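Right, one structure below, let's go through it.
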Protein chains: 2
Amino acid sequence: MEKQTVTIYDVAREAGVSMATVSRVVNGNPNVKPSTRKKVFAVIDELNYRPNAVARGLASKKTTTVGVLIPDVTNLYYSALARGIDDIATMYKYNIILANSDENEQKEVKVLNTLLAKQVDGVIYMGTKITDELRDEFERSRTPVVLAGTVDPQKELASVNIDYGKALKQSVDLLVKNGNKNIAFVYKSDEENVNDALRLAAYREALEENGLTYNEDYVIQEANSYKNGQAVYDRLANLDATAAVFSDDELAVGFLNVAINNGLKVPEDFEIVTSNNSKLAKLSRPELSTVVQPLYDIGAVAMRLLTKLMNKEDDISDKHVVLPYHIDNKGTTK
Amino acid sequence: MEKQTVTIYDVAREAGVSMATVSRVVNGNPNVKPSTRKKVFAVIDELNYRPNAVARGLASKKTTTVGVLIPDVTNLYYSALARGIDDIATMYKYNIILANSDENEQKEVKVLNTLLAKQVDGVIYMGTKITDELRDEFERSRTPVVLAGTVDPQKELASVNIDYGKALKQSVDLLVKNGNKNIAFVYKSDEENVNDALRLAAYREALEENGLTYNEDYVIQEANSYKNGQAVYDRLANLDATAAVFSDDELAVGFLNVAINNGLKVPEDFEIVTSNNSKLAKLSRPELSTVVQPLYDIGAVAMRLLTKLMNKEDDISDKHVVLPYHIDNKGTTK
DNA sequence: CTGAAAGCGCTAACAA
DNA sequence: TTGTTAGCGCTTTCAG
């Protein structure tokens, strides 16, 4: 025999009250006489009643779930954000539908559409670039959106970030202060990455402010994979660079390991600053000097901001949150 | 003006057909005349109609979403599984609600209940131990469940794993073959971890089969954190151990780094084998010798198995999948 | 091949 | 404080 699902109606009948009253009890509505509330709870317990969130969602037009677009959960940068998002979501009684997008535009649009079809109350986007198509979808659906760890150049969408450009500039400044003249900038080969575009611009600016000339040979793009450390090393070995700033920790560790294998002394012969302070930065030997981003907080604040948007709170001071960071001078800088 | 949502009814009216027909078209039911199908699609396009999955879920009692319980997304072991899960889920048109449990029993039960309230079609559980309370919930809800990377000692619940005990035994065998007599076993301090219990038993057995005596001083429990590498080192330094098997990569890297800082030569003076082959194993220097688990596949196969269960397919050959593994003799073994 | 109609389980006015 | 009654938007028999 198929197990019969217990509905609000069963509880009402059994408790001798109306559905509405049961609904009130379940939803914590104070307008219920304590004695009937007690009785209802007893029946709920007895029947093992569990409210059907789908039915509730249809009736109330709220699902208490938010969609989260993430490039890749196995990426330590994004998983740290995701953790912050989920914790705050849980705190506010939301669940998250997590979907990997691989930074693929087609996939992002497709996933967003199924999230919207599922009537999520809000969306958190992590990625490299908001395409126009995505932006259009965001606008058409009246669903609140917050970007986490992702900059919107058009300043339209709510977002939580650090000042990536400024952080990179300071990284370069540090390397210049340490006496380096030839400083490379290494980033993922994804040309559409807005954060990296900001970093690249800042890199150039920082060089010029320090009286150094920008040379595009020193700008290196590689696929974001540990393996590519070798490729980066080969490129750098042909230059007379003495330092490099990496936008990606995994790439930085990959390079570091290869460099050391090749007898390069870090930081004596070569200095490195990386940008994300993911777990990897701590695990490498020597420990990577890095921009310390508040990764968990970026996610957490983004989710908090989203709750405000979903609640239509109007005291939202700023939709473009910029969190603080600092540079940690560890083992790969003098 | 609040944007009006377009419903199936609007499409029906506009296309001059009934809701039922629109529903058939949307769901790919073949019993629709091509010409009317075409017309309906045209209207859908024109009106920008998007089926409401919540309503659909209520009517059909299927949500095409599965719940995923994960201890912590930022843990590379679990995030690798999660990635496999999501990819296969996407392939079969499911979405995943991901919830971090921190291996906390209370939280697991609570989360499971909200997942069930949301009418997920299935659940994937990752964790350290199925408590009785959790098992009861699984049974009462008639929702299919698959354990990923988690052993059910009672062999009731469907699961996907490797043979953790056998892998550990082989690790010990390798270390013995390399001449080590005093081999430690280091694992997370969580006493409830079933996988580690299997490993511990196998550790003991392996020693005995190799004619070595088991000594509990060589069994070390530490919280699973990179920082604890120092604590592990201090404990091991007081023993005359020449090798250790770690159940956790992060702990292994932590120890390795501390050991090297203290002038220990690895693998000459001390050999290490770790168990998960997470990204970390590749990034450490020297590279960790490790049991190579097919992490992504464990997740992927678990999700595939779950789809079969949700479909009530009865040709499920085995609910307890055991995937192959091998040991990779890298830089921390001779 | 198509339509009518009865729910799915719950919320939210509106009355009382 | 409680009950009545419409829906929410869709699927799914059952007829035809």
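Derivation of every value follows stated rules applied to the coordinates shown; laboratory data play no part. Predicted model only: the values in this text are computed from it and were never measured. Quick reminder, even Gly has a Cβ in these numbers, built from the backbone with ideal geometry, and neighbours come from all protein chains shown.
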Selection from B:Leu174, A:Leu288, B:Val109, by position along the positive dipole direction of the protein assembly as shown (Cβ): B:Val109
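Among B:Ser79, B:Ser171, A:Ser101, which comes first, second and so on when ranked by fewest other beta-carbon atoms within 10 Å? Write out the running numbers ahead of the final one.
On the way: B:Ser79 24, B:Ser171 30, A:Ser101 21.
Going from least to most buried by this count: A:Ser101, B:Ser79, B:Ser171.
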Taking the stretch B:82-196 and dividing mean pair separation by its residue count, relative contact order in percent (alpha carbons under 8 Å, at least six apart): 19
Value in Å of the Kirkwood radius, where chain A supplies the Cα pairs that are averaged: 22.4
Calculated label separations, A:Asn31, copies of the chain, 7 Å along the beta-carbon direction, nm: 4.6
Neighbourhood charge, 15 Å Cβ-Cβ cut-off, centred on B:Val40 and excluding it, Lys, Arg +1 and Asp, Glu -1: +3
Rounded tilt (10° steps) of A:164-177 against the dominant C-alpha axis of chain A: 30
Expected 222 nm ellipticity per residue - DSSP helices of 4 or more, -39500 (n - 2.57), all of the protein assembly as shown, to 500: -13500 deg cm²/dmol
Measure of compaction for the stretch A:163-291 (Cα Rg per 2.2 N^0.38 Å): 0.93
Within chain A: Cβ-based charge dipole about Cα centre, in debye rounded to nearest 20 (Lys, Arg +1; Asp, Glu -1): 1940
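Just for the stretch A:163-291, what percent of DSSP beta bridges are antiparallel, to the closest 5?
0
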Residue of A:Lys62, A:Lys118, A:Lys33 that the Gaussian network model of chain A assigns the largest fluctuation, springs spanning Cα pairs under 10 Å: A:Lys33
Per the axis that maps chain A onto chain B, nearest residue of A (Cβ criterion) and its distance in Å: A:Leu98, 2
Over the stretch B:246-304, relative contact order from alpha-carbon pairs under 8 Å, at least 6 apart, %: 32
Cα pair distances of the protein assembly as shown binned at 20 Å [whole percent]: 17, 45, 31, 7, 0
Inter-label distance for B:Asp240 and A:Asp217, nm, one decimal - labels placed 7 Å from Cα along Cα-to-Cβ: 5.9
Cβ-based exposure ranking for B:Phe246, A:Phe138, in which fewest neighbours within 10 Å come first: A:Phe138, B:Phe246
Average other protein chain Cβ within 10 Å of Cβ, residues A:275-282: 2
GluC sites (Glu not before Pro) restricted to DSSP loop in the stretch A:1-88 with at most 10 other C-beta within 10 Å: A:Glu2
Contact order normalised by residue count of chain B, Cα under 8 Å, 6+ apart, percent: 18
GNM flexibility winner over chain B from B:Val321, B:Val66, B:Val151 (Cα, springs under 10 Å): B:Val321
The stretch A:1-33-the stretch B:147-207 distance, computed between alpha-carbon centres (Å): 48
Share antiparallel - DSSP beta bridges, chain B, percent rounded to 5: 10
On Cα atoms only, tilt of A:194-209 relative to the major axis of chain A in degrees: 30
Nearest-20 debye value, the stretch A:40-169 charge dipole, Cβ charges on Lys, Arg, Asp, Glu: 300
Principal axis dimensions, the stretch B:6-50 - Cα atoms, whole angstrom, descending: 24, 17, 15
DSSP bridge pairs, the protein assembly as shown: antiparallel proportion in percent, nearest 5: 10
Taking A:Ser247, B:Ser141 and counting other C-beta atoms within 10 Å, the order from fewest to most: B:Ser141, A:Ser247
